[in-house]
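Undergrad: Pasting a structure below so you can have a look.
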Amino acid sequence: KSRSMDQDNKLEYAKDAARAVVNNLKEDDFIQVIGFDAAPFIVVKMTQVGPNRDQVLDRIGRLIPAGRTNLLPSMDEARRSLMSTEAGRKHVIILTDGRIPSGTAYYLELADRMKSEGITVSTVMLGDDTDTAVLEGIASEGGGAFYQTTDANSLASVFIKDIKVSTGERT
């Protein structure tokens with residue numbers, strides 16, 4: 001939710017994509033939303049979707065663009081949260097439109113660690129002002145998929161496709 005997400009309403013499209021995921025999850029699925037700029041913060045704490053769907057949708061809608069991009073602490077926060085959650089599948093989708101701070105090896109090492117702990121990681125690059133190789137590497141090391149789009153309006157379909165691929169659903 002960095003300041004650059006304000007450009008061309010990218011954050012609004014990202015929120016729509018997150019809402020689409022929430023609306024496509026099953027009642028007994030779990031979700032957590034971590035916003036990140038210079039530091040991570042919990043938008044929605046790990047919760048079961050069913051009884052909390054409306055609250056989750058509301059909290060996503062409150063995000064505003066501000067700050068700079070610092071992904072690594074957010075990835076680690078997601079890892080820690082998922083490690084303490086009882087779930088059959090654990091999957092992270094990272095969306096960014098900004099440059100990743102230096103230290104590529106740390107990102108790849110963390111993604112590999114997450115995969116070894118049973119957490120898959122996919123990355124979504126919005127625009128063309130990001131580090132493609134780093135995001136591709138994170139997805140590869142994390143056992144997930146890499147997506148790139150310059151059309152913020154397509155984020156919802158990208159997120160839904162990734163959720164279906166990561167869970168093995170065919171419909």
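Undergrad: Evaluate the distance, in nm, between pseudo-label points positioned 7 Å from the Cα of F41 and of S154 along their respective Cα→Cβ axes.
TA: Between F41 and S154, the simple spin-label model gives 3.2 nm.
Undergrad: Can you tell me the order of 49-57, 148-156, 115-123 when each peptide is scored by its average per-residue count of other Cβ atoms within 10 angstrom, highest first?
TA: Working: 49-57: 14.7, 148-156: 16.3, 115-123: 19.7.
In descending order of packing, they fall as 115-123, 148-156, 49-57.
Undergrad: Which of the lysines could a cross-linker span from K115 if the Cα-Cα distance has to be under 16 Å and same-chain partners fewer than 8 positions apart are dropped?
TA: Partners within reach: K90.
Undergrad: A follow-up question, please. In the range 41-141, carbon and sulfur make up what percent of the accessible area (probe 1.4 Å)? Let's see the in-between values first.
TA: Details: 2370 of 5050 Å².
C and S fraction of accessible area: 47 percent.
Undergrad: Once a ≥ b ≥ c are taken as the square roots of the eigenvalues of the Cα gyration tensor of the range 11-58, is the result rounded (a/c under 1.5), prolate (a/b larger than b/c) or oblate (a/b not larger than b/c)?
TA: Numbers: a/c = 2.45, a/b = 1.44, b/c = 1.71.
Here the range 11-58 falls in the oblate category.
Undergrad: On to the next question. Taking R0 as 25 Å, what FRET efficiency do you get between E86 and Y106 from their Cβ-Cβ distance, rounded to the nearest 0.05?
TA: Details: r = 28 Å, r/R0 = 1.13.
Working from the Cβ atoms, E equals 0.35.
Undergrad: Here is a further query. Would you mind counting up the charge near V44? Only other residues with Cβ under 14 Å from its Cβ, with Lys and Arg at +1 and Asp and Glu at -1. All intermediate terms of the calculation are to be shown ahead of the outcome.
TA: Details: positive: K1, K15, R19, K45, R53, R59, R62; negative: D29, D54, D58, E77.
Neighbourhood net charge equals +3.
Undergrad: So what is the orientation-averaged projected area of the range 80-159, using the convex hull of its C-alpha atoms, in nm²? Please list the in-between numbers first.
TA: Details: hull surface 21.3 nm².
Across all orientations, the range 80-159 yields a mean hull projection of 5.3 nm².
Undergrad: Where does the charge balance sit around D58 when Lys and Arg score +1, Asp and Glu -1, over other residues with C-beta under 12 Å from its C-beta?
TA: Values: positive: K15, R19, R53, R59, R62; negative: D54.
Computed value for this residue: +4.
Undergrad: For the range 1-60, build the charge dipole from Cβ charges (+1 Lys, Arg; -1 Asp, Glu) around the Cα centre, then report which of V33, A14, S2 sits farthest towards its positive end.
TA: S2
Undergrad: From the Cα gyration tensor of the range 11-93, with a ≥ b ≥ c the square roots of its eigenvalues, which class applies: rounded if a/c is under 1.5, or else prolate if a/b is larger than b/c, or else oblate? Don't skip to the end; give the middle numbers.
TA: Numbers: a/c = 2.11, a/b = 1.19, b/c = 1.78.
Here the range 11-93 falls in the oblate category.
Undergrad: I've got another one for you. May I have the extent of the alpha carbons of the range 66-117 along their three principal axes, as whole Å values ordered from largest to smallest?
TA: Each principal axis gives a Cα extent; for the range 66-117 these are 33, 25, 14 Å.
Undergrad: Oh, and also: In square nanometres, what is the average projected area of the Cα convex hull of the chain? Don't skip to the end; give the middle numbers.
TA: Working: hull surface 34.6 nm².
Over every viewing direction, the Cα hull of the chain projects on average to 8.7 nm².
Undergrad: Using the crude model of +1 on Lys and Arg Cβ and -1 on Asp and Glu Cβ, and no other charge, please compute the dipole size for the chain relative to its Cα centre, in debye to 20. Please report the intermediate quantities before stating the final value.
TA: Working: 21 positive and 25 negative charges, 73 e Å.
Using only the charged Cβ atoms, the result is roughly 360 debye.
The values are calculated or read from the model by the stated rules, or taken from the named source; none is laboratory data. Quick caveat, the model's predicted, so the values are computed rather than measured. Reconstructed Cβ throughout: ideal geometry from the backbone, glycine too, with neighbour counts over all protein chains shown. To get the accessible areas, we keep the full protein, side chains included, count just its heavy atoms, and leave off ligands, DNA and RNA. Shrake-Rupley method; radii C 1.70, N 1.55, O 1.52, S 1.80 Å.
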